[in-house]
Amino acid sequence: MSLVEQARPIERRTLHDELVERMRGLVVEGALKPGEKIPERELCERFGVSRTPLREALKVLASDGLVQLTPNRGATVARLTVEDLEDVFPVMGALEALAGELACRNITDKKIAEIKGVHRKMVVCYEARNLPEYFQLNQKIHELILEAAGNRTLSTHYSSLAQRVRRARFMANMSDERWKQAVGEHEDIIAALESRNGEALAAILKSHLQNKFNSVRKWLIAQENGARNG
């Protein structure tokens, strides 16, 4: 989806939350590139808002580590570095593992059925090689597991870091080999949920995130080497 398509006018009743989500989507999904100065005037016109709510939304994205705010110079999209990933992914791995353990204690049959339904749709997207929708459904599964964990403190910490992980994943895409492996890991996630084996699910989720990190790290190092040699 292009920048123009994503930047349609916003209904005033949900202005702040909607604006934050739209802006986050532009950064996470790469419509706004790392290091790019955010075109505030253009976005205000596209969204049909003034500078004040846009800048409030940018403050939220800055707190998520997606945007850098510089006095008198405006906002730029934060660059993603290997060091950033090395900071974020181990913490996310611990949070994912804890979410898995708690989810297996609390999850209902209805929630498991819901997760399995999303998983089936995700597999269809995998088979169709529809990567953007696959990513969205993949993220939904992890969010549903977090929801099943039923811990608000965990959710708060997870949500902030998750945006940076999503951004790294969108930027790097995936090789066919890694994509196939990731789908297999999700099959294991479903099996552990159905058996309510919290220890197994924690280990699977942690390993799943580590494999994701390895894939993104490899891609990012290649990009950095290319930039230096270009």
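No value in this document is a laboratory result; all are computed from the given coordinates. Note that the structure is predicted; figures quoted are calculated from it, not measured. Cβ sites come from the backbone with ideal geometry, for glycine too, and all protein chains shown count toward neighbours.
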Quiz item: So what are the radius of gyration and Dmax for the Cα set of the chain, in Å?
Solution: 18.5, 56
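In a shell of Cβ-Cβ distance under 15 Å around Lys180, excluding Lys180 itself, what net charge do Lys and Arg (+1) and Asp and Glu (-1) give? Show your work: numbers first, answer last.
On the way: positive: Arg129, Arg178, Lys212; negative: Glu127, Asp176, Glu177, Glu185, Glu187, Asp188.
Residues close to Lys180 contribute a combined charge of -3.
Tell me the net charge near Lys33. Cut-off is 14 Å between Cβ atoms, Lys33 excluded, with +1 for each Lys or Arg and -1 for each Asp or Glu.
Spelling it out: positives minus negatives among the neighbours equals +1.
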Quiz item: What is the calculated FRET efficiency for Ala128 to Asn72, with r their C-beta to C-beta distance and R₀ = 45 Å, to the nearest 0.05?
Solution: 0.40
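In the chain, which helices (entire DSSP H runs) extend 24 Å or more along their own long axis, judged by Cα positions, while averaging at least 1.0 on the Kyte-Doolittle scale? Intermediate values should be presented prior to the final figure.
Values: long enough: 82-106 (35 Å, 0.43); 109-127 (27 Å, -0.41); 131-149 (27 Å, -0.02); 152-172 (30 Å, -0.59); 176-194 (28 Å, -0.79); 198-229 (46 Å, -0.47).
Sorted by number, there is nothing, because no helix extends far enough and scores high enough.
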Exercise. Distance between Cα centroids, the stretch 95-121 to the stretch 168-217: provide it in whole Å.
Key: 14
Quiz item: Taking the chain as a Gaussian network, where each spring joins two C-alpha atoms under 10 Å apart, which residue of Asn72, Asn214, Asn106 fluctuates the most?
Solution: Asn72
Quiz item: If you add up the charges near Ser155, with Lys and Arg at +1 and Asp and Glu at -1, over every other residue whose beta carbon is less than 12 angstrom from its beta carbon, what do you get?
Solution: -1
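Once you have the Cα-Cα distance between Ser50 and Asp109, take 0.36 nm times their residue separation minus that, and quote the gain in nm to one decimal.
That works out to 16.6 nm of additional length.
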Exercise. Please report, in whole Å, how far the alpha carbons of the stretch 3-77 spread along each principal axis, starting with the longest.
Key: 29, 22, 21
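Shape of the stretch 84-180 from its Cα gyration tensor (a ≥ b ≥ c, root eigenvalues): rounded if a/c is under 1.5, otherwise prolate when a/b > b/c, or oblate? Could you put the intermediate results ahead of the total?
On the way: a/c = 2.34, a/b = 1.14, b/c = 2.06.
Judged from the Cα gyration tensor, the stretch 84-180 comes out oblate (a/c at least 1.5, b/c at or above a/b).
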